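The values are calculated or read from the model by the stated rules, or taken from the named source; none is laboratory data. Just so you know, these numbers come straight off a predicted model, no measurement behind them. Cβ placement follows ideal geometry from the backbone for every residue including glycine, while neighbour counts extend to all protein chains displayed.
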Amino acid sequence: MKLAASRELFAYWDGLRGARSAPERNDVDPGAIRSVLADTFILEYDAARGFPLRIVGTRTNALFLTELRGRPFLDLWRPADRAEIAAILAALANEAQPFLLGASAAPAGFPPVDVELILLPLRHHGDTHARALGCCAPHGAPQWLGLAAIETLTLRTLRALTQADRAEDSLSGDSPQTQGFARSARSERRGHLYLLAPGERNASNAAR
């Protein structure tokens, strides 16, 4: 997790859930995360409507140069990535599994910027198929922010955050381990793990 906004939101969410797999939606106090509210969002788990955004921070709106509230979360992604994003959201709800996503985006005619997203499950009256808390923040402050709109996000990397990450964070005092792997390296998901082919595992280890 490279960005302070992602780390702060994850730490807050992790503290709220305690021994639970996910906290309740009503546990979230906006005042407790005021420093990252501009980068946060809450989406509704409604696959038929593309997972509409219910609350969106001002800096996230500024990336797209429009008010995103009510828009489908899937529409923020290029068409080739939408099925994969929907599958990630299904795992997030079915297993109360948090995810870290790496993306890239840019307005037409500008160089791309890296964007970090974190997706965190929430319960609503005990059901994880209702809401998700997220953070969407660019790396740095691109010169076009607030002046030109990005078209869509392109998924580059993803990582399932596990209990092992939480334990390592507690022991080290650092942010959770979030070494991603390339989306193009197709992996097999088993439980909370992503299994890479031998060649891909070697490449991932070498990247570390």
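Screening the candidates Leu100, Leu89, Leu53, Leu43 for the property of being outside any strand (DSSP E or B), crowded, with 17+ Cβ neighbours inside 10 Å and either at pLDDT 95 or above or of a type outside the set (D, E, K, R) (or both) yields one hit, Leu89. When Leu120 is tested against (1) under 22 Å from Lys2 (Cβ atoms); (2) assigned to a loop (DSSP other than H, G, I, E, B), exactly one condition is not met: (2). Candidates are the residues of the range 130-189 that are farther than 14 Å from Phe10 by Cβ, in a loop (DSSP other than H, G, I, E, B) and aliphatic (A, V, I, L, M); the one that is modelled with the lowest pLDDT is Ala185.
Scan the range 10-26 and give yes if some residue there is of a type in the set (Phe, Trp, Tyr) and outside any helix (DSSP H, G or I), otherwise no. So that I can check it myself, show each step before the final result.
Initially, the range 10-26 is screened for residues of a type in the set (Phe, Trp, Tyr), giving 10, 12-13.
Add one more test, that the residue is outside any helix (DSSP H, G or I), and what stays is none.
Within the range 10-26 (the criterion being of a type in the set (Phe, Trp, Tyr) and outside any helix (DSSP H, G or I)), the answer is no, since none of the residues qualifies.
Annotation for the range 131-145: at least one member residue is surrounded by fewer than 21 Cβ atoms within 10 Å (Cβ to Cβ) and touching a residue at least 60 places away in the same chain (Cβ under 8 Å). Has the range 58-67 got at least one residue that is within 14 Å of the chain's Cα centre (by Cα) and either polar (S, T, N, Q) or in a helix (DSSP H, G or I) (or both)? Checked the range 58-67: at least one residue is within 14 Å of the chain's Cα centre (by Cα) and either polar (S, T, N, Q) or in a helix (DSSP H, G or I) (or both).
When you go through Thr58, Thr40 one by one, which is the residue that is among the polar types (S, T, N, Q), closer than 22 Å to Leu147 by Cα and without any contact (Cβ under 8 Å) to a residue 40 or more places away in the chain?
Thr58
Among all residue pairs at least 6 apart or on different chains, which show Cβ distances below 7 Å where the first residue, located in the range 1-23, is surrounded by fewer than 21 Cβ atoms within 10 Å (Cβ to Cβ) and the second is among the polar types (S, T, N, Q) and part of a loop (DSSP other than H, G, I, E, B)? Matching pairs, first to second residue: Arg7/Ser175.
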